[in-house]
Amino acid sequence: HRDVTATKDSMKVVVNGGWHDAGDLTQMIYNTAPAIYAMFSLADQVKNRDKELYNRLIEEGNWGLDWMLKTRFGDGFRHNFGGIGVWTDGIMGNGDEMNFRAQNTPFENFLSSTTIARAAQTLRKIDPVKASQCIKAAAEDWDAAVKKMTRGEVEVDGEAILSSLTLYELTGEAKYADK
């Protein structure tokens, strides 16, 4: 999918990488984020018992995390979903390209924040540079989500709580606990 992109204003990013949902060509944050969260969480649990599994979980978790990080535009905008039903040839400019518009939605920003912050907890010890990048991205996504959040959306509220708790645990900053 080297010719499948997402755009925000004049910015454009190729959205290949990550994993596809259900064996088709669809990529979405809704499945990628929980998988990344689970991989980094499990990696921490098996670290001292199964080094080979630990290393594979970190490697695979990073594959998805890299996709989440590269499909962010900042200010809460990201590629959330790319439903594709055909194979493209990967060549730009020959007419079979696909483009999706970046979105800024609270649920996806909280989901991203939760996942990226969880990854940072693990990466902090083994890749402090990437962990620092993740902490910054998670905080930005949380801020963007809070700005657009409305009351009474159960799914959003639940992810907001998880995101706030994860960031508070990671950073110790009171604003996350207060919210």
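Values quoted throughout were computed directly from the atomic coordinates according to the rules given, and no laboratory measurement underlies them. Given the structure is predicted, the values throughout are model-derived calculations rather than measurements. Neighbour counts are summed over all protein chains in view; Cβ atoms, including those assigned to glycine, are modelled from backbone coordinates with ideal geometry.
Rounded to the nearest 20, the size of the Cβ-charge dipole of the stretch 50-156 about its Cα centre is 480 debye, with Lys and Arg at +1 and Asp and Glu at -1.
The lysine pair count for the chain, using Cα distances under 17 Å and pairs eight or more places apart or on different chains, is 13.
Under the combined filter of DSSP loop state and at most 15 neighbouring Cβ atoms within 10 Å, the stretch 5-80 retains these trypsin sites (Lys or Arg not before Pro): ARG49. Computed from the C-alpha gyration tensor, the three semi-axes of the ellipsoid equivalent to the stretch 1-90 are 28, 15, 10 Å, from longest to shortest. Distance from the Cα centroid of the stretch 158-178 to that of the stretch 99-138 is 13 Å (rounded to whole angstrom).
Over all other residues within a Cβ to Cβ distance under 13 Å of MET11, the charged ones net out to +4, with Lys and Arg as +1 and Asp and Glu as -1. Charged neighbours of ASP141, selected by a Cβ distance under 9 Å, balance to -1 (K, R count +1; D, E count -1).
The list [x] 1.05; [y] 2.29; [z] 1.12 gives values of Cα Rg over 2.2 N^0.38 Å, and only one came from this structure; which label was calculated from it? Working out Cα Rg over 2.2 N^0.38 Å from the coordinates points to [x]. By DSSP, the beta bridges lying fully in the chain are antiparallel in about 70 percent of cases. Label positions at MET11 and ASN99, each projected 7 Å from the Cα along the C-beta direction, are separated by 1.6 nm. Applied to the stretch 138-153, the Karplus parametrisation 6.51 cos²θ - 1.76 cosθ + 1.60 on θ = phi - 60° returns per-residue 3J(HN,Hα) values of 4, 5, 4, 5, 4, 4, 5, 5, 4, 4, 9, 5, 10, 7, x, 9 Hz, with x for Gly and Pro. Once the other residues with Cβ under 14 Å from the Cβ of LEU167 are scored (Lys, Arg +1; Asp, Glu -1), what is the net sum? Taking every Cβ under 14 Å from that of LEU167, the sum is -2.
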